[in-house]
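One structure below.
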Amino acid sequence: MTTDSTASWTAAFRSAVVSPHEAIDLFELRGFADQTLRQIIRLDGGGSALRIRLSNRYGKEPLHIGGAHLARRTEGSGIESGSGTPLRFGGAEEFTVPVGEEAISDPVERAVAAGDELALTLWLPDDTGLSTYSAVPLRTGYTVPGNALTAPTLDGTEGLEELATRHFISGADVLAPTGTRIAVAFGDSWFEGTGTTNDTDRRFPDLLNDRLHAAGSTGWVVNQGISANRLLTDEIGEHALARLDRDALDVPGVTHVLIHFGLNDLGIPGQEAYPEPAAVPTAADLIAGLTALADRIHAAGLTATVTTVGPYKDTIYEGYSTPEGVAVAREVNDWIRGADSPFDSYADFAAAVADPADPDRIHDDHDSGDGLHVNDAGAKALADSVDLAALKI
């Protein structure tokens with residue numbers, strides 16, 4: 001396609017991926033063989049052309065794709081008649097993604113807009129092995145036996161399975177006006193959206209995008225949250241300091257990075273060791289890690305916004321909440337709110353959803369039911385806590 005100096009490739013959708021070969025096993029792991037996989041993505045921003053990213057980062061076998069097809073989604077697994085197009089990678093409709101690598105499609109020259117829902121269908125003729133996946137996409141996926149690459153719908157097909165996890169998709173880019181401002185929501189389940197309603201786009205980044213668009217901003221936020229991800233320790237996913245470059249700093253068009261980390265560093269040690277006690281990081285440990293994130297974001301010429309660690313006292317997950325961990329979260333949050341924080345701005349997630357009578361726990365109105373994650377109303381409170389003037393997107 002022709003190049004345009006007034007437009008550049010910019011992330012319009014992201015789906016942070018994790019390995020199926022980790023020791024901590026919280027989510028359904030699976031592979032595919034002689035199956036069609038149809039998954040839905042919703043764009044956070046628009047442009048004059050589109051390209052899709054597929055990942056075999058954690059696969060142990062080359063990922064053979066017999067065909068890839070992109071179309072506008074109607075409802076369920078249905079696609080709009082006449083909207084479909086084959087995706088080509090290096091000019092080929094059939095291709096292989098090597099072990100440990102990512103593939104970027106050839107550009108599809110069609111205008112797309114924020115909020116567009118696209119169905120990406122993959123025909124997987126060979127055994128993929130356990131797949132590189134996203135844990136909590138909150139978008140139902142669909143798989144059926146055989147080759148149904150261009151089927152108008154998979155609904156009602158014999159052997160249809162609905163999937164709660166997303167597989168092989170790591171993102172979509174659009175050709176957007178050069179200078180478009182993009183924030184990456186880089187964090188854990190409070191960004192990925194655990195606790196909010198499936199298939200409704202009520203996650204924090206979605207609702208922050210609603211605010212940005214209503215305010216007339218031409219920029220947007222893409223979601224690189226990983227549920228159960230940690231700042232300092234691997235699993236689930238590589239820890240934040242290890243994945244910062246790939247999942248934030250190297251995202252095309254990024255100008256801002258939003259951060260929420262610390263909950264799982266404090267909770268997972270006790271949860272994994274329960275009922276035996278386990279040491280949690282100190283406030284100094286977490287502050288050093290957050291400072292390292294801020295320094296690396298600034299060194300890349302980007303703006304860094306941090307959020308306070310969300311409340312989690314009395315969560316239902318045994319061993320997760322401890323008096324020691326809650327005290328550390330409090331200390332880290334005081335630092336985030338104070339003059340010594342190296343971040344450009346902060347959003348006070350903890351204050352936004354806390355129970356005023358017991359600020360270490362989530363208010364009942366904002367609690368998803370597990371005491372650790374917020375519901376749709378809580379996600380809106382998080383989005384409303386962001387000062388758009390300070391964010392500057």
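Every number here is computed from the coordinates shown, using simple stated rules; none is lab data. Everything numeric in this text was worked out from a predicted model, so none of it was measured. No Cβ is skipped: glycine too gets one built from the backbone with ideal geometry, and neighbour counts run over all protein chains shown.
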*To the nearest 500 deg cm²/dmol, what mean residue ellipticity at 222 nm is calculated for the chain from DSSP H runs of n ≥ 4 alone, each contributing -39,500 (n - 2.57), summed and divided by the residues?*
-6000 deg cm²/dmol
_Restricting the calculation to Cα positions, tell me the Rg (one decimal) and the Dmax (whole number) of segment 1-100 in Å._
15.9, 47
*For ASP367, list long-range residues whose amide hydrogen, built 1.01 Å from N in the peptide plane, is under 5 Å from its own amide hydrogen.*
ASN375
*Gaussian network model of the chain, springs between alpha carbon atoms under 10 Å - residue of ASP126, ASP358, ASP106 with greatest fluctuation*: ASP358
*asked:* What does the net charge come to around GLY378 if you take all other residues with beta carbon closer than 13 Å to its beta carbon, with K and R at +1 and D and E at -1?
replied: -3
*Stokes-Einstein D for segment 181-391 at 10 °C, 1.306 mPa s, Kirkwood Rh over Cα pairs, in µm²/s?*
94
*Relative to the longest principal axis of the C-alpha atoms of the chain, give the angle of the C-alpha long axis of helix 263-273, reported between 0 and 90° and rounded to the nearest 10°.*
90
*Backbone HN-Hα couplings from phi across segment 245-258 [Karplus 6.51/-1.76/1.60, Hz, Gly and Pro as x]*: 4, 5, 9, 9, 5, 8, 5, x, x, 4, 10, 9, 10, 9
*Please report, in debye to the nearest 20, how large the charge dipole of segment 8-172 is about its Cα centre when each Lys and Arg carries +1 at its beta carbon and each Asp and Glu carries -1 there.*
500
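Test of understanding: what is the full-extension gain from THR85 to ALA288, defined as 0.36 nm times their sequence separation minus their Cα-Cα distance?
Between THR85 and ALA288, full extension yields 68.3 nm more.
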*Grab the beta carbon distance between ALA33 and ASP384, set R0 = 51 Å, and tell me the FRET efficiency rounded to 0.05.*
0.65
*How many percent of Cα pairs in segment 261-359 exceed 20 Å?*
39
*Name the GluC sites (Glu not before Pro) in segment 109-181 that are in a loop by DSSP and that have at most 11 other C-beta atoms within 10 Å, would you?*
GLU158
*Percent antiparallel among DSSP beta bridges with both residues in the chain, to the nearest 5?*
75
*Tell me which residues come under 5 Å, amide H to amide H, from THR303 once H is placed; ignore anything under 5 positions away on its chain.*
HIS256, VAL257
*Mean separation of Cα pairs under 8 Å and 6+ residues apart, divided by the residue count of segment 200-325: what relative contact order is that in percent?*
24
*Charges only on Cβ, +1 for Lys and Arg, -1 for Asp and Glu: so what's the dipole of the chain about the Cα centre, in debye to the nearest 20?*
1200
*Show the residues, 5+ positions off or on another chain, whose built amide H is closer than 5 Å to the amide H of SER8.*
ALA176, THR178
*Binning every alpha carbon pair distance of segment 158-216 at 10 Å from zero, what are the percents per bin?*
15, 41, 31, 10, 2
*How far is it, in nm, from the label point at ALA242 to the one at THR140 when both lie 7 Å from their Cα along the line to the Cβ?*
3.5
*About its Cα centre, what dipole magnitude does segment 181-391 give when the only charges are +1 on Lys and Arg Cβ and -1 on Asp and Glu Cβ, stated in debye to the nearest 20?*
660
*Going from the alpha-carbon gyration tensor of segment 56-134, what semi-axes, largest first and in whole Å, does one get by taking the root of 5 times each eigenvalue?*
24, 14, 12
*What does the convex hull of the alpha-carbon atoms of segment 162-264 project to on average, in nm²?*
7.3
*Whole-Hz Karplus ³J(HN,Hα) for segment 189-204, in order, using 6.51 cos²θ - 1.76 cosθ + 1.60 and θ = phi - 60°, x for Gly and Pro?*
5, 5, 9, 4, x, 3, x, 8, 6, 4, 6, 10, 6, 10, 6, 3
*Inverse mean reciprocal Cα-Cα distance (Kirkwood Rh) of the chain, Å*: 21.3
_Pair ASN198, ALA300: separation of 7 Å Cα→Cβ label points (nm)_ = 3.2
*Remind me, relative contact order of the chain in percent, using alpha carbon pairs under 8 angstrom and six or more residues apart?*
17
*asked:* Please state the shape class of segment 8-172: rounded when a/c is under 1.5, otherwise prolate if a/b exceeds b/c and oblate if not, all from the C-alpha gyration tensor.
replied: rounded
*Once you have the Cα-Cα distance between ARG337 and ILE316, take 0.36 nm times their residue separation minus that, and quote the gain in nm to one decimal.*
4.8 nm
*Among residues other than GLU102 whose Cβ falls under 9 Å from its Cβ, what is the net charge (Lys/Arg +1, Asp/Glu -1)?*
+1
*Within-13-Å neighbourhood charge of ASP25 [Cβ basis; K, R +1; D, E -1]*: -3
_In sequence order, calculated HN-Hα J values of segment 15-29 (Karplus, 6.51, -1.76, 1.60; Hz; x Gly/Pro)_ = 9, 5, 10, 10, 8, x, 10, 7, 6, 7, 10, 9, 10, 5, 10
